[in-house]
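Coordinate-derived values only; no laboratory data. The shown structure was predicted, so the numbers you read here are calculated from the model rather than taken from an experiment. Cβ: placed from backbone, ideal geometry, glycine included. Neighbour counts: every protein chain shown.
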Amino acid sequence: MRAIAISAFRTEPRLVEVPKPGPGAGEVRVKVEYAALNPLDWQTADGAPDVPHVLPLVLGTDFAGRVDMIGSGDNVFRVGDPVFGRVTAPPLGHCGAYSEYVCVPQDSPIALVPRDMPLRLAAALPSAGTTAAQILSSTAVRGGRSLLVIGATGGVGSFLTQLAAARGIGVVAAVRGDERRRMGALGATATVDTTTGFEALEAGVRALYPDGVDALVDLVSTDSASFAAYAALVCDGGVAVTTRGVAAPPGRAWADFRLAPAAAPLEELASAVARGELVVPLDMELPLEKAPQALVQNRAGGARGKTVFVI
């Protein structure tokens, strides 16, 4: 079967042929129709993780497709079911979403796609949508009235803006250039153009919240200096959240978010999309063979929603 894989870490992903997997006990095999791009995909290719893995390593985490084979044991799904979810079972790279078929445990983060919900939208939902929902459900963020989002225009930021706005939280979305209108349509109370640098962001936030915002979610900073600068815009008693493992300065309440994969959030998010309460920010739909170039572009930053690959 066709797949996008790396032969060694820190090498460029390539379209290759790998054996079609067969489902083990308690697993289902899914014929993938769409896979979604996440920063985790190129981060995996860029550095050897300290977890069990195989080479060649098939990339990709999020998928949507139809069950085409069921392993032995109790069945949750049936052949032909439209499903979406995340590939999480070890070893890393044995089954990746950037391929024609994946085998996943039936008790893994996988759920039915609601009736009439396009599979391409379902594929874009698992990692980014669940991350946004779990960040917002944390006590510190949920209890605030204002939220500054750095990296708001990407997949996680777009979902987080919508979910926070639906709870009555005032969202300040840090954007670049022409993304202000789109983020406003997704529910941002205010948008601040950061094209000219941090000073513009600081001035915009202080004009809205002189004492600082209640919470910060920084989805992009990989250095402590940048995260500290953004964290300084949080009010006393507020919290700064990072998804990149960066520590905040001493004396500042902060949280290093880590996704906890589960099926229940997938069902809740998909239902919200099906009801028209949540918009999936789909940016590009590309053929699988374009994945290597798309990963390079995503690594450079400036994502505007989600990219999905047609398998």
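Sorted fewest first by neighbouring Cβ atoms within 10 angstrom, Ser7, Ser127 come out as Ser7, Ser127.
Select from Ala231, Ala203, Thr242 the residue farthest towards the positive end of the dipole of the stretch 196-245; place +1 on Cβ of Lys and Arg, -1 on Cβ of Asp and Glu, and compute about the Cα centre. Working it through, the farthest residue towards the positive pole turns out to be Thr242. Among 221-227, 103-109, 16-22, the peptide with the highest mean count of other Cβ atoms within 10 Å heads the list, and the full ranking is 103-109, 221-227, 16-22. For the chain, the longest principal axis of the alpha carbon atoms and the long axis of helix 263-274 meet at an angle near 70°.
Over the chain, the hull volume per residue, using the convex hull of the C-alpha atoms, is 126 Å³. Among Phe63, Phe84, Phe77, Phe198, sorting on how many other beta-carbon atoms sit within 10 Å of each Cβ, with the fewest leading, yields Phe198, Phe77, Phe84, Phe63. With neighbours defined as other Cβ atoms within 10 Å of a residue's Cβ, the residues Thr242, Thr161, Thr195 order from fewest to most as Thr195, Thr242, Thr161.
Contact order for the stretch 68-130, expressed relative to its length and based on alpha carbon pairs under 8 Å spaced 6+ residues apart, stands at 36 percent.
The convex hull drawn around the Cα atoms of the stretch 139-256, when projected onto a plane and averaged over every direction, covers 6.4 nm².
Projecting each Cα onto the charge dipole of the stretch 81-189 (Lys/Arg +1, Asp/Glu -1 at the beta carbon, about the Cα centre), which of Gly129, Val113, Val175 comes out farthest on the positive side? So the residue furthest toward the plus end is Val175. A Cβ-based charge dipole, computed about the Cα centre of the stretch 146-251 with Lys and Arg at +1 and Asp and Glu at -1, lands at about 340 debye. Magnitude of the charge dipole for the chain, about its Cα centre and with charges confined to Cβ atoms of Lys, Arg (+1) and Asp, Glu (-1), is about 320 debye.
Shape descriptor for the stretch 74-125: Rg over Rh equals 0.95 (Cα atoms; Rh from the Kirkwood inverse mean 1/r).
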